[in-house]
Structure formats: C-alpha cells, structure tokens
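Quick notes on the structure that follows.
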Amino acid sequence: MRTRTLLPALLLTGCLVKQSTYQKALDDNARLTQELSDSQKKQADTEKTLGDKIKELENQLGQLDASTKNKEAELGKVKGEKAATEQELAELRRQKDAAEKRVAAYKALQDKFRALVDTGKLQVVFRHGQMTLKLPSGILFPSGSAELSKGGSAALTEVVKILMQFKDRRFLVAGHTDTQPIKTAEFKNNWYLSTARANSVVQYMIKEKFPAKSLAAAGYGEFDPVAKNDTEASREQNRRIEIILVPNLEELPSLTGNGA
C-alpha cells in the first residue's frame, strides 16, 4: 500500500524535473537567440561604420590625389615660368653685351675718325640702330656726277686707312640725293645717280685694298632723307654717302626669342 502511494509521487516529481529542465533549455535558447541577434546587429553596425570610414578615407585619398596632381601641375607651371624667365634673362644679357660691343665699336671708330670729324669731312652717327659714317656728296663728287673729285678721293683714302683696322667687318655703302630731279643721258633719275655714286665709292675702296667681300653698294635716291628738302641747306644734308657698319648676327636681338 505504501509502495502504491510513493509511485505517483515519484512520477510527479520526475515530470516536474523534466519540465524545469525543458523550461531552462527554452530560456537558454531565447537568451542565446537574443545574444545572437544583438551580436548580428552589432556586427552590422560595425560593418556599416567601417564601410562609412572606408568611403571617407577613399574620398580623402581622392582629394589628396587631386591636390597632388594640382600641385604637380602648379609645380610644372612654375618650373616652366622659371625656365622662360631664365631664358629671357639670358637673352637680355646677350642683347646687353651686344649693345655694349656696338657702343664700344662706335666709340673706337669715332676716336679713329676724330680728325676727319673735326674738319667736317664726315660724321659718325647711329641711324636706324646702325653705326654710320656720313660723307657729304659735295666733298666727294661734282654736282650731278658720280666720278670722285680729287678732294673726294683724298678724303676716301683717309677713311679707308682707318676702316682697314675693321676690315673683318662688313660695310654697306649707300648713296642718297635730294628731291631735285635729274635727267641726263647718263642718269635717268636720282636712283641711278645715288646708285652710281655708291658704286664709285665701293670701287675706290677696293682699289685702296679694302676687302671686296666686306662691301656692298646701294642707292636710295631721294627716298631716305635726313632733313626736309625745303631749303638748300637741308637739301645739302640729304646729298650724302653713308658707309654703314653692318651688325653681325650675334649683335642682333633674337627674332625667335630663343637666341638662335
């Protein structure tokens, strides 16, 4: 009888134990499920934060790349400007040196021709940027003639003696007239007269042993005056022979800007 009473009690106790264990398992499962959910959410938040950070870093890197490229472009521009400035300075120095050489040559010629300048037989001037010896036609030629007078030949002899010291340089002999028209059997107009006079001077200089390869002749007629042709005095200034020192190429400013 006692055994029968204990058996149901044991069965009930066993059921209660199993129910408690089951409930505990359910609670653990719910807790673990919540922890997993929280962990997944935290992981998602972490991944999102990390992704945002990566995008931010990529954006910053892009900005740095753009800034670097801009700075490289600016640096290249500055280097180019520096090179251009240095080239310009070099060209200016070259022009300055060439100008100083021209001035030195001018002073040297002026000193050499001082006696002739003082007597009024010639002038040493700069015209059109070129050093020029001006000889009045009245000293060199009779009126309307291209044949040197005795006084003209003597004056040219003195000029050539001095120019022989510069025979490595080239000279252009230019003839000029006033506006008074001329028309003779020998000269149709002032072009013919000015050219013939320039050639006569060149031929005389060659006769005096000046190198022919260093000479050239040109006639300008009345079209390159140095004074108005409204008085006899001004017309006399225009009737002239010019012996022009031709600049060497290295004495001229560069036309290309690069000194070539």
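The values are calculated or read from the model by the stated rules, or taken from the named source; none is laboratory data. Quick caveat, the model's predicted, so the values are computed rather than measured. When we count neighbours, we look across all protein chains shown, and the Cβ atoms used for this are built from the backbone with ideal geometry, even at glycine.
The condition (being in a helix (DSSP H, G or I) and under 30 Å from Lys134 (Cβ atoms)) is satisfied by just one residue among Leu109, Leu61, Leu50: Leu109.
Within the stretch 172-196, the residues that satisfy the criterion of being crowded, with 21+ Cβ neighbours inside 10 Å and either among the aromatic types (Phe, Trp, Tyr) or over 42 Å from the mean Cα position of the chain (by Cα) (or both) are Asn190, Leu193.
Let's see how each residue does on (1) touching a residue at least 24 places away in the same chain (Cβ under 8 Å); (2) more than 23 Å from Ser214 (Cβ to Cβ):
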site	(1), (2)
Gln123	no, no
His128	no, no
Leu135	yes, no
Ala146	yes, no
Lys150	no, yes
Thr157	yes, no
Ala174	yes, no
Lys188	no, yes
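Only one of the listed residues (Ala73, Ala98, Ala84, Ala90) is among the aliphatic types (A, V, I, L, M), under 30 Å from His176 (Cβ atoms) and in a helix (DSSP H, G or I). That residue is Ala98.
Please determine whether any residue of the stretch 207-216 is farther than 30 Å from Glu100 by Cα and either assigned by TED's automatic domain parsing to the domain that holds Arg170 or hydroxyl-bearing (Ser, Thr, Tyr) (or both). The answer is yes, given that some residue of the stretch 207-216 is farther than 30 Å from Glu100 by Cα and either assigned by TED's automatic domain parsing to the domain that holds Arg170 or hydroxyl-bearing (Ser, Thr, Tyr) (or both). Taking the stated definitions as given, is Leu50 at pLDDT 80 or above and surrounded by 10 or more Cβ atoms within 10 Å (Cβ to Cβ)? When the stated conditions are applied, Leu50 passes them.
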